[in-house]
Structures are given as structure tokens and as C-alpha cells.
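Every number in this text was worked out from the coordinates using simple rules, so none of it is lab data. Note that the structure is predicted; figures quoted are calculated from it, not measured. Counting neighbours? That spans all protein chains shown, and the Cβs are built from the backbone with ideal geometry, glycine included.
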Amino acid sequence: MTHDAGKISGYAAGSLLTVRDLSVSGVSAILSETTRIERMVSAERAKMLAGRRIALLFYESSTRTRTSFELAAKSLGATTTLVSDKSSSIEKGESLKDTGLTLRALGAECIILRHAHSGAPYLLAKSTGIPVLNAGDGMHEHPSQALLDLRTMLTRLPGFDVDTIHETTLKGVTIVIAGDILHSRVARSNAMLLPKLGARVILCGPRELLPEEALGLSEGVEIERNFDTALRRAQVVMMLRIQQERLAGLEINLADYISRYQLSNERMLAQAPEALVMHPGPMIRGLEIDGDVADGPNSAIEDQVRHGLAVRMALLVRALGASGFESIAA
Amino acid sequence: MSDLLILNGRVIDPATGVDGLRDVLLRRGRVAAVEMPGELRWTNAMETLDALGMVVAPGLIDVHVHLREPGQTYKESIATGTAAAAAGGFTSVVAMPNTLPVNDSVAGLRWMLDEARGACTNLFAMPAATFGSRGEEITDFHELQRAGAVGFTDDGKPLLHDRVMREALVAAAGIGVPVSQHAEDTRLTGGCSMNAGPLAFRLGLRGMTNESETRIVERDIRLLRDIERSEGLRPHLHVQHVSTTGAMEAIRRAKKDGLHVTCEVAPHHFTLTDEAVGEYDTNTKMNPPLRAELDRKAMIAGLMDGTADCIATDHAPHATFEKEQEFERAPNGITGLETALGLALRVLHRGEGMSLSRLIALMSWQPAEVMSLKGRGSLEVGSFADAVVFDPTAEWSFAVKASRSKSRNTPFDGATMVGRVMATICEGRVVYRGN
């Protein structure tokens with residue numbers, strides 16, 4: 001086969017478009033920077049990106065990701081502006097490229113992009129030449145989510161030091177990701193990031209929401225259709241909601257789905273009483289997850305949100321090349 | 001019209017079986033003589049072209065191009081598209097009907113074929129098989145054929161309904177022209193933007209399965225068989241841009257069974273796989289999409305063993321701003337007229353060992369046969385003086401900025417090409433001269 005196309009183009013250093021671009025040492029640098037920033041007193045933290053301008057460009061609704069990126073930027077002292085598709089020239093038909101160029105001309109030094117189309121961050125990064133952070137693109141990836149999930153696991157699972165990670169840190173750890181894998185950018189990012197540290201990722205779901213092609217994500221990935229079987233091996237179980245907005249005509253029998261794939265209290269107690277429970281949100285209680293499990297002692301769902309804020313601070317510092325962040329090109 | 005004497009070239013004319021050093025005399029738009037070197041010394045007062053070390057072949061014929069006129073001349077026009085064709089060694093192209101408005105009327109067809117459009121090569125057209133290419137009611141095949149139609153297609157869309165496809169095949173059989181099918185079961189490809197497979201999954205793009213192509217090809221073949229049996233007609237199905245192993249195999253079997261099925265393969269489908277999509281490169285987005293390596297190999301096998309009748313580019317120009325969009329929103333298609341010969345020589349001749357004669361047949365004589373272009377695709381004495389002169393060994397790299405097309409949407413910018421066109425001659429006129 002000949003490779004005439006698909007040339008790897010240069011994107012601004014500090015961009016984060018996919019977890020595939022991160023080396024283990026790059027991940028390690030982000031995590032230690034996260035810890036360093038977290039330990040700072042807030043006045044010191046607020047100097048890190050003082051006077052810098054960051055744009056949040058959101059083409060899809062979001063609560064957690066948008067707020068945490070925004071709070072992260074503000075606590076580092078940066079000026080932020082939020083542009084959403086509902087209240088901007090995007091509604092008038094302005095292209096992503098032109099919107100990006102406009103933001104750049106207004107002084108944005110970094111753009112955080114949430115978009116309904118897979119791959120949109122590549123287009124934006126290529127057209128603007130400034131660092132772009134992928135805050136979720138279609139069914140493709142959600143890299144900052146995978147990083148915060150990783151940090152959550154490292155802090156909640158016993159015996160890990162969040163600041164020293166390497167290729168085998170997660171050796172022997174099995175993470176089950178269950179539910180609507182097909183439409184999930186969170187699943188893709190996690191399934192490609194966690195095996196880099198030696199983890200085993202078991203994807204679990206019905207065929208129509210989890211095609212065999214998912215095995216191509218990473219060598220550390222396997223598919224198990226039976227949720228109970230998968231759970232028995234899990235140290236971590238990550239639940240995903242069914243993305244109604246992306247089903248595109250696909251019909252799911254919810255009663256059947258719930259009986260086979262809901263993380264209920266009974267199932268949890270029977271199959272994986274010790275497992276850490278995670279969910280990237282938004283969560284539909286009573287569908288993919290039982291409310292009691294979400295609120296239970298094993299739940300790390302609120303921790304995920306907290307780590308999200310911290311990890312995103314590090315990603316912004318990395319993107320803007322501030323304070324001698326060393327692994328920009330990692 | 002002045003005469004032109006092409007001297008010292010290696011004439012390869014698959015239709016007559018000639019492959020050797022010959023001099024060729026073109027006179028009054030026709031091939032006047034093809035003789036051993038020196039034999040044509042007596043002819044005088046004419047332009048000569050020294051083709052020493054070159055191949056002299058029938059002008060290339062592309063049965064599948066989008067020239068965007070009328071309606072979208074910011075992408076391409078008949079003049080610029082045929083200029084790109086000439087630069088690629090083509091002397092005849094067949095324009096698809098998905099213009100604005102759709103070419104579905106005699107008036108529209110006449111307008112398109114009018115000299116005033118400024119085509120620099122021979123221009124043929126395939127009007128829409130159904131009004132507005134809506135797939136519902138077939139157009140007036142009889143009248144359109146009298147006005148020059150060489151076949152009928154709703155290209156870009158399939159003739160999806162059994163009844164409509166059957167009607168089209170029957171009507172076309174009555175006048176001896178093909179129905180050209182864009183074989184895609186659009187009920188299976190909604191929202192899809194690339195080939196189904198591990199890469200589409202990783203990129204979060206919905207994938208078109210091989211089945212979506214194969215199903216339509218198999219359905220069409222069933223219709224052919226049924227029409228032959230029940231109507232006593234012999235309809236001709238031409239399958240456009242075959243891209244899957246299954247469709248190629250179905251066509252192979254149908255040919256073996258004696259049905260009148262022909263098909264084309266596009267250069268990108270024998271050169272690239274879906275891996276080329278890389279990081280959402282919209283210049284690798286077309287329909288049918290780039291497929292898996294197995295499919296690419298099957299396209300080559302089909303071209304080698306005669307299942308595929310011709311190479312056709314599906315030249316589909318789009319403006320840069322249209323391709324600079326989110327992958328799923330960008331339009332389908334790439335330009336292809338200037339890279340077809342270079343890729344065919346590189347991949348099929350140099351890479352796979354296909355003979356020059358077979359390769360030239362796939363790009364001239366056979367497409368002329370498929371579309372019944374009388375007097376084209378051969379250098380037989382009396383044929384139209386359509387010829388291409390190229391250096392079969394020259395290696396060069398294609399630079400899109402030098403393209404004659406109005407558009408720049410190609411994945412082959414900077415790609416290695418083998419074989420350089422030195423001259424393209426259309427009915428005796430030199431319409432392109434390389435350097």
C-alpha cells in the first residue's frame with residue numbers, strides 16, 4: 001500500500017487533539033504539573049496565566065467540561081471568552097475555520113473546542129496555528145476526560161503514586177467500560193490512553209453499541225458481551241449513558257438493555273463489590289446506573305469532576321507554554 | 001486543418017494489436033496512415049512531432065467526470081475541466097449529469113454539448129436516468145439519445161427502486177446504450193463519511209460497509225437476468241467506480257454467465273486505502289470511499305483479469321472552502337484527470353507488471369467500446385485523430401498548484417507519477433503540449 005495522503009501535519013505545540021499523541025512521559029508530565037498546580041496557594045496560581053487570553057468555543061451543550069475549563073483558566077489568571085453556536089455568527093453560517101481565525105485575530109492564544117463533528121479540532125488547529133484543546137469532538141475523543149479519569153483511578157485505587165507513572169504502572173489493573181461504546185468519545189480516549197500504562201480495558205455492551213472494530217483501538221482492549229463476566233475481573237467500572245442524540249435511527253429495547261447492562265446494586269454486590277465506580281456524566285439514573293451505586297461508597301464520580309478541574313489547569317499551562325512546562329512536545 | 005506527422009514513436013494500439021515503432025500520419029482530423037518508420041517520408045508540408053522514446057497511443061477516454069457546468073462553475077467549467085483532461089492525456093470525457101440544474105432534458109444536453117462551452121477535448125454526456133435524478137420517473141431516453149446521450153445515470157445517487165431501475169434498463173436496452181449505476185444502497189449509508197472499519201471506528205466516523213455497494217450490484221445483475229429471460233432484451237449495466245471485493249466478484253460471475261455488464265475502477269481505489277484518511281484529510285473523502293487493502297487488491301485483480309473494463313477518474317472538483325470543513329460536512333470527491341495515467345503507470349504497470357498495451361486498452365479502446373464511441377479509442381486508419389504521446393518511464397511529482405482544473409482537491413499533491421504526457425492530440429489538433 002502506498003501512502004500518498006494523510007500526511008501528518010504540524011499542529012501548534014501544546015495542542016491536545018487525541019490521546020494517541022501523548023507519550024507516557026508526556027502523560028507523566030501533565031500529571032505532575034497537575035499536582036504542582038493543585039498544591040499552589042491560589043494567589044500564586046492566579047499569576048501563572050495572568051494576562052493570557054483563552055477562548056472556549058462550544059458547538060455542543062456541556063456542563064462539566066465547559067465549566068471546569070472555564071474555572072481552570074480563570075483560577076490561573078487568564079481572561080476567557082465563551083463562544084457558543086447558539087449566540088454567535090456560527091448561527092449565520094460562519095465556518096469553523098473563519099470562527100477560529102476571528103478568535104485568533106481577537107487575541108485568543110488557545111482555543112478549547114467542543115464540537116459535534118469528529119475531527120473538528122484538527123481542522124481548527126490546522127487553520128489557526130494556535131494550540132487547540134479538544135474538549136470532545138463528535139464520537140471521536142475526549143482527551144482531557146481520559147486524563148482526569150486516569151488521575152482519579154491513581155488516587156482512588158490503593159498503592160499508586162499519582163506523580164510517578166510509567167509503561168507498567170497499571171499492569172494488572174482491569175477497567176471495564178460498559179454501555180454505548182459506539183457513540184462514546186470518552187470510551188475511545190480511555191481505551192487508547194489506559195493501555196499505554198499497562199492496563200487491560202474490557203469493553204462491554206450489545207453488538208449494536210459495540211462493534212468488533214473497537215478492538216482496533218489498542219492491543220490492550222478486549223470485548224466481553226456479558227456484563228457479569230466482565231465485572232468479575234474489574235477493579236474499575238466505568239458506565240456510559242446511551243447517547244440518544246446520536247442513535248440515528250438505531251432502536252434499543254431499554255428494558256432489555258437495563259436488565260443486561262445496568263450497574264445495579266445487586267449486580268455490583270454480586271460481581272464486583274470492591275470495584276471503583278466511575279461515570280463521565282451526564283448520568284441517567286435508573287438507566288445505565290442505579291442511583292444507589294452512583295451515590296455509594298465506591299463511587300468516584302464527584303472525584304472525577306474535581307480532578308477534571310485540576311487536570312485542565314495543567315493542560316492550559318501546557319498549551320500556553322507557561323512556567324517552564326517541560327514536556328510540551330510530548 | 002493541417003496535417004500532423006508523429007515520427008519514431010512506439011505505437012501501442014490495443015484495438016489493432018499494433019505494438020512497435022511506427023510513424024503516424026494524422027490528416028483532416030482522422031488517422032490517415034500508420035506505417036513502419038520512414039515509410040511516410042513522401043508526405044510533405046506538414047507539422048511533425050518527434051516521438052523518439054515515447055509511446056504513441058489512442059487518446060485516453062474517461063467515461064466518468066464531473067465538469068460542474070452549468071451551475072457550479074466556481075468549482076470547474078467545461079473549458080477548465082477539459083483542459084485538465086487534455087493535460088492528463090485524455091481526448092474524450094463523458095460528463096455526469098449532476099449539474100445545476102440536473103442534465104435531464106434535451107435542451108440541457110444540447111446546451112452542455114454546444115461548442116460555445118469551449119471544450120478543448122471531445123465532450124460526451126450522460127444525462128440523468130430520472131428527472132432531477134430523484135430516482136422516480138425515467139427521462140426521455142429516446143430523445144436524449146438522438147441529442148447525443150451515450151448512456152444514462154443518476155450518478156452521485158443510485159437508482160434505488162427495483163421498478164425504476166428495471167424500467168431504465170429496459171428503455172436503455174431498446175436503444176442500445178448502458179445504464180450507469182452508482183451502486184450504493186443509501187438506506188445503509190446514512191450519516192456515513194468513510195469506509196467502515198477499524199479506522200472509521202477510531203476516528204469516530206460512521207462507516208459505509210462493503211455490503212452497501214455489493215447489494216445494489218447483485219440486485220442490478222438479478223434485474224438484468226430477469227429482463228433477458230422475460231423480455232428477450234439484452235440490457236447493458238455499467239457499474240461505476242467499483243470499490244469492493246464483493247461487487248467485483250459479482251461482476252466477474254455475471255460476465256461469466258454472459259450478461260452484458262461492464263464496470264470501471266477509479267485510480268484512487270487501486271492506489272489508496274482508507275488508511276489515507278489519516279487525520280481527517282477531506283481530500284481523501286469520496287463516494288464510494290477508499291476501502292481496505294483487500295479491496296484495493298481486488299480492484300487490481302479485476303483490472304488485470306479483464307473483469308474491469310476501464311479506468312475512470314470520477315473527477316470531482318470542489319472549491320477549497322468546501323473541503324476546508326469538518327470531515328463529515330465536506331463534499332465527496334477528488335480531482336483525477338491529471339493524475340490518472342501517472343498513477344496507472346506507477347501502480348499497475350510498474351507496481352503490478354500490467355503490460356502497457358493492457359493499460360492503454362483500459363484507458364482508451366475499452367471505455368470507447370463500453371460507451372460505443374464510434375471511431376474513438378483506436379489509431380486504426382480512418383479513426384478520429386485522437387492520440388496521446390507520453391514518455392512511459394519519466395518519473396515526476398504532481399504539483400496541484402500547476403493543475404489546469406479550477407479546483408485543488410486531490411490527495412496526490414506531491415505524489416510520484418510515472419509517465420509524462422508530451423502531447424495530447426484531439427481530432428488532429430494539439431490540445432496539450434508537455435515539457
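Considering only C-alpha atoms, what is the centroid distance from segment B:62-78 to segment B:17-32, in Å?
Using only Cα atoms, the two centres lie 32 Å from each other.
Quick one: order B:E264, A:E302 by neighbouring beta-carbon count within 10 Å, fewest to most.
Starting with the residue having the fewest Cβ neighbours, the order is A:E302, B:E264.
According to a simple spin-label model (label point 7 Å from Cα along Cα-to-Cβ), what is the distance in nm between B:S2 and A:R285?
It is 8.9 nm.
What is the sum of charges, Lys and Arg at +1 and Asp and Glu at -1, for the other residues whose Cβ falls under 9 Å from the Cβ of B:D3?
Once positives and negatives cancel, what remains is +1.
Within 10 Å of each Cβ of B:268-280, how many other protein chain Cβ atoms are there on average?
Going residue by residue through B:268-280 and averaging, the value is 5.
If you take every DSSP beta bridge fully contained in segment B:82-200, what fraction is antiparallel? Give it as a percent rounded to 5.
Counting only bridges with both partners in segment B:82-200, antiparallel ones make up about 10 percent.
List every residue whose amide H lies under 5 Å from the amide H of B:H64, counting only residues 5 or more places away in sequence or on a different chain, with H placed 1.01 Å from N in the peptide plane.
Residues meeting the amide H criterion: B:V94, B:T313, B:D314.
Given A:P211, A:M192, A:L231, which one lies farthest toward the positive end of the charge dipole of segment A:143-305, if we put +1 on the Cβ of every Lys and Arg and -1 on the Cβ of every Asp and Glu?
A:M192
Between the alpha-carbon centers of segment B:107-167 and segment A:117-139, tell me the distance in whole angstrom.
Cα centres, segment B:107-167 to segment A:117-139: 41 Å.
Could you check what % of the DSSP bridge pairs in segment A:115-264 are antiparallel, to the nearest 5?
5
Connecting C-alpha atoms closer than 10 Å in a GNM of chain A, tell me which of A:T152, A:T99, A:T229 has the biggest fluctuation.
Of A:T152, A:T99, A:T229, the most mobile in the Gaussian network model is A:T229.
Would you mind calculating the relative contact order of segment B:59-377 from Cα pairs under 8 angstrom and at least 6 residues apart, reporting the percent as a whole number?
17
Taking the highest mean first, how do the peptides B:91-99, A:25-33 order by number of other beta carbon atoms within 10 angstrom per residue?
Ranking the peptides B:91-99, A:25-33 by packing returns B:91-99, A:25-33.
Can you give the calculated 222 nm mean residue ellipticity of the protein assembly as shown, where each DSSP H run of n ≥ 4 adds -39,500 (n - 2.57) and the sum is split over every residue, rounded to the nearest 500 deg cm²/dmol?
Here the helix-only value at 222 nm equals -9000 deg cm²/dmol.
Output the relative contact order of segment A:40-141, whole-number percent, from Cα pairs under 8 angstrom with separation of 6+ residues.
29
Can you compute 3J(HN,Hα) from phi for each residue in segment A:109-115, using the Karplus curve 6.51 cos²θ - 1.76 cosθ + 1.60 with θ = phi - 60°, rounded to whole Hz and x for Gly and Pro?
Residue by residue, segment A:109-115 yields 9, 7, 10, 9, 10, 10, 8 Hz.
Would you grab the residues whose amide H sits under 5 Å from the one on A:H166? Only those 5+ places off in sequence or on another chain, please, with H modelled 1.01 Å from N.
When sequence neighbours closer than 5 places are left aside, there are no close amide H contacts.
Which whole-angstrom value gives the distance between the alpha carbon centres of segment B:225-280 and segment B:351-400?
Rounded to whole Å, the Cα centres lie 21 Å apart.
What ranking, highest mean first, results for peptides B:148-157, A:129-138 when packing means the other Cβ atoms within 10 Å averaged over each residue?
A:129-138, B:148-157
Towards the positive end of the charge dipole of segment B:59-377, with charges on Cβ (+1 Lys, Arg; -1 Asp, Glu), say which of B:L373, B:L100, B:L160 has the farthest Cα.
Positive-most Cα among the choices belongs to B:L373.
Once phi is turned into θ = phi - 60°, what whole-Hz ³J(HN,Hα) does the Karplus curve with 6.51, -1.76 and 1.60 give for every residue of segment A:251-256, x standing for Gly and Pro?
With coefficients 6.51, -1.76 and 1.60, one gets 10, 10, 7, 5, 4, 5 Hz.
Return A:Y261, A:Y59 ranked ascending by Cβ neighbour count within 10 Å, so the fewest neighbours appear first.
A:Y59, A:Y261
Mean separation of Cα pairs under 8 Å and 6+ residues apart, divided by the residue count of chain A: what relative contact order is that in percent?
22
Antiparallel versus total DSSP beta bridges in the protein assembly as shown: what percent is that, nearest 5?
35
Under unit Cβ charges (Lys, Arg +1; Asp, Glu -1), what dipole magnitude, rounded to 20 debye, does chain B have relative to its Cα centre?
Computed about the Cα centre, the dipole is about 200 debye.
How much net charge surrounds A:L197 when only the other residues with a Cβ under 10 Å from the Cβ of A:L197 are counted, with Lys and Arg +1 and Asp and Glu -1?
Here the charged neighbours net out to +1.
Would you mind checking B:K75/B:K323; B:K75/B:K285; B:K297/B:K406; A:K126/B:K285; B:K323/B:K406; A:K47/A:K97 for any pair whose Cα atoms are more than 21 angstrom apart?
In this structure, B:K297/B:K406; A:K47/A:K97 exceed 21 Å between Cα atoms.
Determine the shape class of segment A:11-70: with a ≥ b ≥ c the square roots of the Cα gyration tensor eigenvalues, call it rounded for a/c under 1.5, and otherwise prolate if a/b is greater than b/c, oblate otherwise.
Oblate, since a/c reaches 1.5 and b/c is not below a/b.
Test of understanding: in a Gaussian network model of chain B with alpha carbons linked when under 10 Å, which of B:M54, B:M299, B:M46 would top the mean-square fluctuation ranking?
Looking only at B:M54, B:M299, B:M46, the biggest GNM fluctuation is shown by B:M46.
Which one of B:G306, B:L60, B:P70 is farthest out on the positive end of the charge dipole of segment B:59-377, using unit charges on Cβ (Lys, Arg +1; Asp, Glu -1) and the Cα centre as origin?
B:G306
Can you pull the Kirkwood radius for segment A:40-141, inverse mean 1/r over Cα pairs, to one decimal in Å?
13.8
Compute the Cα gyration tensor for segment B:331-389, then decide on rounded, prolate or oblate, letting a ≥ b ≥ c be the square roots of its eigenvalues: rounded whenever a/c is under 1.5, prolate when a/b is larger than b/c in the other cases, and oblate in all that remain.
Judged from the Cα gyration tensor, segment B:331-389 comes out oblate (a/c at least 1.5, b/c at or above a/b).
Multiply the residue gap between B:E39 and B:K256 by 0.36 nm, knock off their C-alpha separation, and tell me the result in nm, one decimal place.
73.8 nm
Over all distinct alpha-carbon pairs, what is the Kirkwood Rh of the protein assembly as shown in angstrom?
Averaging 1/r across every pair of different Cα atoms and inverting gives 28.6 Å.
Need one word for segment B:59-377: rounded, prolate or oblate. Basis is the Cα gyration tensor (sqrt eigenvalues a ≥ b ≥ c); a/c below 1.5 gives rounded, then a/b vs b/c decides.
Here segment B:59-377 falls in the rounded category.
Can you sort A:T174, A:T18, A:T164, A:T67 by how many other beta carbons sit within 10 Å, fewest first?
If I rank by nearby Cβ atoms, fewest first, I get A:T164, A:T67, A:T174, A:T18.
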